[in-house]
Amino acid sequence: MRLYVVDAFTDTAFRGNPAAIVLLSEPADEGWMQNVAAEMKHAETAFVVTTQEPKPLRWFTPTTEVSLCGHATLAAAHALGGSQTFTTASGELRCTRTDTGIDMRLPADPPAGPVDVDVSRALPSLPVIEVRRSRGFLLVVSDDTAAVRACEPDADELTGLHPHSVIVTGPSDTDGVDFVSRMFAPAIGIPEDPVTGSAHCVLAPYWAQRLGRTELTGEQASPRGGIVGTRLDGDDVVLSGSAVTIVEGTLVA
């Protein structure tokens, strides 16, 4: 089986979000896929059956399967040469090669609220203006961009806030970028995700409403960092990004 490691949402090696990609000739055992993902230790490992169209695609963190992962979808499309259609737990996902990278069409996940959730113990240094909830995330909004960049959450308290993932976001402090974010998911084995495509399915509709524009650029301000272009299109979000192959090899176990 072919194995790749691809840095997604970056055009520079060792930046963005790394994902492992395993290319399969037939569907694999779920327990084996989870063991491979635990061995890889990346935030996500993607498994693609290449002999079917659309190509079945599944994503695993080191501890569990997830229903949507943007950066590993981008990485899988990149490893396969660009334009691809995948069938997934979140429906059919289409990736299109462009002059600057790859566009992905993912389902939007607009956050509802505000909701009454106390995040002060989980995010003690962050001034919070509102908290919202989407299907897959808790969204914590601050107007203090420096505090978003510097935020150091309490992982145990964060795990108790949401069974999946917590996004922290604020307005941009950089030319050419509209908003910044961080994403933490200790509940599913990811202390901090470097760049999260699915989080931008929440961030894009939230910031589009606040800023009054449907095309925006987000910076995920993790230590590795990454840039995600977003465009609202009906019930979908089109995410744009680049990717770099770091490893090509063979999985033998």
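The values are calculated or read from the model by the stated rules, or taken from the named source; none is laboratory data. Computed from a prediction, not measured in an experiment: that's the story for all the values here. Heads up, the Cβs are rebuilt from the backbone with ideal geometry, glycines too, and the neighbour counts pull from every protein chain shown. Remember, those area values only see protein heavy atoms, side chains included, never the ligands or the DNA or RNA. Shrake-Rupley method; radii C 1.70, N 1.55, O 1.52, S 1.80 Å.
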*Given the conditions (1) outside any loop (DSSP other than H, G, I, E, B); (2) in contact with an Asp or Glu (Cβ under 9 Å, 6 or more places away or on another chain); (3) more than 20 Å from VAL202 (Cβ to Cβ), and given that VAL36 satisfies all but one, which numbered condition is not satisfied?*
(2)
*Report yes if ARG149 is part of a loop (DSSP other than H, G, I, E, B), closer than 23 Å to GLY229 by Cα and out of contact with any strand residue (DSSP E or B) (no Cβ under 6 Å at 6 or more places or on another chain), otherwise no.*
no
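Does the range 59-72 include one or more residues that are at positive phi, assigned to a loop (DSSP other than H, G, I, E, B) and open to solvent by 20 Å² or more (accessible area, probe 1.4 Å)? Outline the logic, then answer.
At the first step, the residues of the range 59-72 found to be at positive phi are none.
No, there is no match, as no residue in the range 59-72 is at positive phi, assigned to a loop (DSSP other than H, G, I, E, B) and open to solvent by 20 Å² or more (accessible area, probe 1.4 Å).
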*What's the number of the condition VAL168 fails, among (1) touching a residue at least 12 places away in the same chain (Cβ under 8 Å); (2) surrounded by fewer than 24 Cβ atoms within 10 Å (Cβ to Cβ); (3) within 30 Å of ASP118 (Cβ to Cβ)?*
(2)
*Taking the condition open to solvent by 10 Å² or more (accessible area, probe 1.4 Å), over 22 Å from PRO107 (Cβ atoms) and either assigned to a loop (DSSP other than H, G, I, E, B) or of a type in the set (D, E, K, R) (or both), does ASP11 pass?*
yes
*Any idea which residue in the range 14-38 is nearest to GLY197 (Cα to Cα), counting only those that are touching a residue at least 40 places away in the same chain (Cβ under 8 Å) and open to solvent by 50 Å² or more (accessible area, probe 1.4 Å)?*
ARG15
*Within the set of pairs 6 or more residues apart or between chains, which connect a residue that is open to solvent by less than 20 Å² (accessible area, probe 1.4 Å) inside the range 133-150 to a residue that is modelled with pLDDT of 95 or more and among the hydroxyl-bearing types (Ser, Thr, Tyr) with Cβ atoms less than 6 Å apart?*
VAL141/THR169; VAL148/SER142
